[in-house]
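Working notes, structure below.
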Amino acid sequence: MTKKIIEAQVISNQKIAEGIFRITLDCAAAADATESFNAKPGQFINLYPRDKSMLLPRPISICFTERNRITLVYRVVGNGTRELSCHKEGDGLQISTPLGQGYHIEAMFEAINQDPSDHKTIALVAGGLGIPPMLELAKTIRTQIGEDRRIKLIAFLGFQEKAFLIEELSSFCHEVHVATEKGDFGFHGTVLELMEMQNIVVDYYFSCGPKPMLKALAAHCHRIEKPLQVSLEERMGCGYGACVGCTCKTKEEKDGLMRVTPKKVCKDGPVFFGEEVIWSE
Amino acid sequence: MSKQDLNLDVSKHRNLDLRVSIAGITLENPITTASGTFSAKESGAFYDIDELGAIITKGVSIAPWEGNPTPRIAETYGGMLNSVGLQNPGIDSFIKEELPYLRTFGPRIVVNVVGKSIGEYCSAVEKLNDTEVDMLEINISCPNIKEGGISFGADEKLAAELTREVRKYSKKPILMKLTPNVSDITEIARAVEAEGADGISLINTLLGMKIDIHNKRTVLWNKTGGLSGPAIKPVAVRMVYQVRRSVCIPIIGLGGIMTGEDAVEFLMAGADAVSIGTAALIDPTAPVRIKSELIGFMNRYGYQNLQQIRESML
Ligand SMILES: Cc1cc2nc3c(=O)[nH]c(=O)nc-3n(C[C@H](O)[C@H](O)[C@H](O)COP(=O)(O)OP(=O)(O)OC[C@H]3O[C@@H](n4cnc5c(N)ncnc54)[C@H](O)[C@@H]3O)c2cc1C
Ligand SMILES: Cc1cc2nc3c(=O)[nH]c(=O)nc-3n(C[C@H](O)[C@H](O)[C@H](O)COP(=O)(O)O)c2cc1C
Ligand code: FES
């Protein structure tokens, strides 16, 4: 079997900003699963609450991985995430092995290498709880860039008030630009306003965050004809592709015709190409 | 359940007979997947599909259905609401793209059929006549657009008429899947039996609603949705019990089965087989876990076959 539900062990669980927590889990129990914890950036896991009055799994993006350890960053918004915030070191936690399709990193490298002009810039654009998955993505891209000085990785991050994960992202990105909507830190405004002001030429975009932000960014990328990959969020039932609860409409070319194709966010996504998503809803 | 328990179960399994026959079709065991909660590819990533007695597919209609906009899922206390709206790619796509893959597995294949008019149901079942499908499950909870949207399953006459017509067009055994949103389930059960149904599945979801009081709107885009999960189990058990005492045809019982003991409850109430729905969304391996828990229960009490459980109620 390629996927499993495992009992992970809590290594640490700390508050990193008001209402925001970081939890690190030991997933050694998954090591004997065929897929182990070989997570791709942009994938998520299902967290199964202990309180069985909460039936459904909570999907949370993978923020960082290190051997058999994964780190998640989450905001307490309801009973499930509240329960999660109460877990202590050593507690067991039911989770799934990684789910969904992550960011298509090979596709990005292919796209930017196609055109021979020397210097390239990759941008990570994220808002709020869309920021955590950017860390694993930044790590993976930076590892692949290695010492190649022609490729630059920059992050544009938008927060409401308090910023988090900036230091961590700075260790993998060449530049990190921060905006807060309340003006507590960095640029006072939204991440898209910040991008506009910085006016940096970007060759490839990766994004995760609130839908209005993704939609506006997709329109921007369409205008300037730059590729974009987005990670979408949807209410989920199963989180693994069995219930068709998490549908999203996409455009797909089939037999030379553009067709509207429903896709499952949990299985076909959460990452999609900006051009493929039908945003008008 | 520890590995050791499981091994013990399997060794004892040899003198257990889990088989059940429905409309002349033998299932290796009584565990089936509830319609709309199973995907051979995705569920198959978690467990060996050959462990199942039968696969019941998600609802298929004559033409593709888009389903409802999202949000389609809401969690409730001990249950969930869904308003997927029977999204499916249509019968032709099902026969071409999905059925060949399903046929690579051992379990019996039961296709759940949906429609908006009697004609739509009949065209869909006709297309399945010359396929390698074992049985059909007719979801009669769908609204009938010709009769102002009343559910076929909520009206005795409509349910009878639909059964009669589907029976005429289908060469396969047909199970009628009843909706619990009725005042007397036994009336509907008797009506479909009289018109030639080979079996009955019950229950489908209960109509429900959830309001997000902070945002002052319903959580589901569709406003209402079908309630499933452990919260509905007592209603389902009661209905299986009543229907068992009203008709002679086989019954597939479902509604909130989370454990092997829940499955036993349905068998004692009179079900011949059971389906696992919401439980499999919460624990993807639920069908096989429930099967081994059922075996564990039979071993503990010395039951050798399902008939003995069904007849054990005092
Ligand atoms: C692919 C994906 C990745 C995610 N990654 C993160 C992350 O890295 N960090 C983080 O803080 N949050 C993330 N979320 C959102 C997170 O799933 C919800 O905040 C969480 O489920 C809320 O659970 P609760 O019990 O605390 O809230 P409640 O509101 O009590 O939950 C009730 C129900 O609604 C669902 N729900 C509530 N909010 C959301 C939401 N925004 N998206 C989807 N379902 C929701 C819950 O899963 C549950 O079924 C992600 C969501 C998705 C779909
Ligand atoms: C997401 C979802 C989709 C469903 N789709 C169908 C369907 O296509 N056809 C059908 O007859 N029943 C459908 N059902 C109903 C289930 O098959 C089952 O009758 C019901 O959920 C009660 O069982 P449970 O509590 O074990 O889930 C669906 C249920 C859920 C939760
Ligand atoms: S949440 Fe069930 S299919 Fe995506």
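The values are calculated or read from the model by the stated rules, or taken from the named source; none is laboratory data. This structure is a prediction, so every number in the text was calculated from the model and none was measured. Cβ sites come from the backbone with ideal geometry, for glycine too, and all protein chains shown count toward neighbours. Surface areas here come from the heavy atoms of the whole protein model, side chains and all, with no ligands, DNA or RNA. Shrake-Rupley method; radii C 1.70, N 1.55, O 1.52, S 1.80 Å.
Test B:ILE25 against the stated conditions and say whether it is open to solvent by 20 Å² or more (accessible area, probe 1.4 Å), in contact with an Asp or Glu (Cβ under 8 Å, 6 or more places away or on another chain) and modelled with pLDDT of 95 or more. Let's see the steps before the verdict.
Working: open to solvent by 20 Å² or more (accessible area, probe 1.4 Å): yes; in contact with an Asp or Glu (Cβ under 8 Å, 6 or more places away or on another chain): yes; modelled with pLDDT of 95 or more: yes.
Against the criterion (open to solvent by 20 Å² or more (accessible area, probe 1.4 Å), in contact with an Asp or Glu (Cβ under 8 Å, 6 or more places away or on another chain) and modelled with pLDDT of 95 or more), B:ILE25 qualifies.
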All positions within the stretch A:38-59 that are under 12 Å from A:ALA8 (Cβ atoms) and either more than 11 Å from every other protein chain (Cβ to nearest Cβ) or without any contact (Cβ under 8 Å) to a residue 40 or more places away in the chain (or both): A:ILE45, A:LEU47
Looking at the structure I just gave you, is A:CYS238 at the interface with chain B (Cβ under 10 Å from one of its Cβ atoms), touching a strand residue (DSSP E or B) at 6+ places or on another chain (Cβ under 7 Å), within 16 Å of ligand 2 (Cβ to nearest atom) and on the phi < 0 side of the Ramachandran plot? no
Among A:GLY269, A:GLY237, A:GLY183, the single one that is at pLDDT below 95, of a type outside the set (S, T, N, Q) and within 15 Å of ligand 3 (Cβ to nearest atom) is A:GLY269
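Test of understanding: among A:LYS226, A:LYS263, A:LYS254, A:LYS215, which residue is under 20 Å from the mean Cα position of the chain (by Cα) and free of Cβ contacts under 8 Å to residues at least 24 places away in the same chain?
Numbers: A:LYS226 fails: free of Cβ contacts under 8 Å to residues at least 24 places away in the same chain; A:LYS254 fails: under 20 Å from the mean Cα position of the chain (by Cα); A:LYS215 fails: free of Cβ contacts under 8 Å to residues at least 24 places away in the same chain.
Selected residue: A:LYS263, the only one of A:LYS226, A:LYS263, A:LYS254, A:LYS215 that is under 20 Å from the mean Cα position of the chain (by Cα) and free of Cβ contacts under 8 Å to residues at least 24 places away in the same chain.
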Residue pairs within 6 Å by beta carbon, gap of at least six or interchain, first lying in the stretch B:280-309 and within 14 Å of another protein chain (Cβ to nearest Cβ), second crowded, with 22+ Cβ neighbours inside 10 Å and of a type in the set (S, T, N, Q), listed first then second, are B:ALA280/B:THR37; B:LEU281/B:THR37
Only one of A:LYS249, A:LYS264 that is crowded, with 16+ Cβ neighbours inside 10 Å and within 16 Å of ligand 2 (Cβ to nearest atom): A:LYS264
Residue that is nearest to ligand 2 (Cβ to nearest atom), among those in the stretch B:196-226 that are open to solvent by 50 Å² or more (accessible area, probe 1.4 Å), part of a loop (DSSP other than H, G, I, E, B) and more than 14 Å from chain A (Cβ to nearest Cβ): B:LYS223
So A:SER207 passes all but one of these: (1) modelled with pLDDT under 95; (2) not in a helix (DSSP H, G or I). Which condition number does it fail? (1)
Go through the stretch B:81-116 and report how many residues are more than 7 Å from chain A (Cβ to nearest Cβ), within 16 Å of ligand 3 (Cβ to nearest atom) and either free of Cβ contacts under 8 Å to residues at least 40 places away in the same chain or within 17 Å of the chain's Cα centre (by Cα) (or both). 6
When residues of the stretch A:81-103 are filtered for being under 16 Å from the mean Cα position of the chain (by Cα) and either open to solvent by 60 Å² or more (accessible area, probe 1.4 Å) or aliphatic (A, V, I, L, M) (or both), how many remain? 2
Could you count how many residues in the stretch B:38-80 are facing chain A (nearest Cβ under 7 Å), of a type in the set (Val, Ile, Thr) and open to solvent by less than 20 Å² (accessible area, probe 1.4 Å)? 1
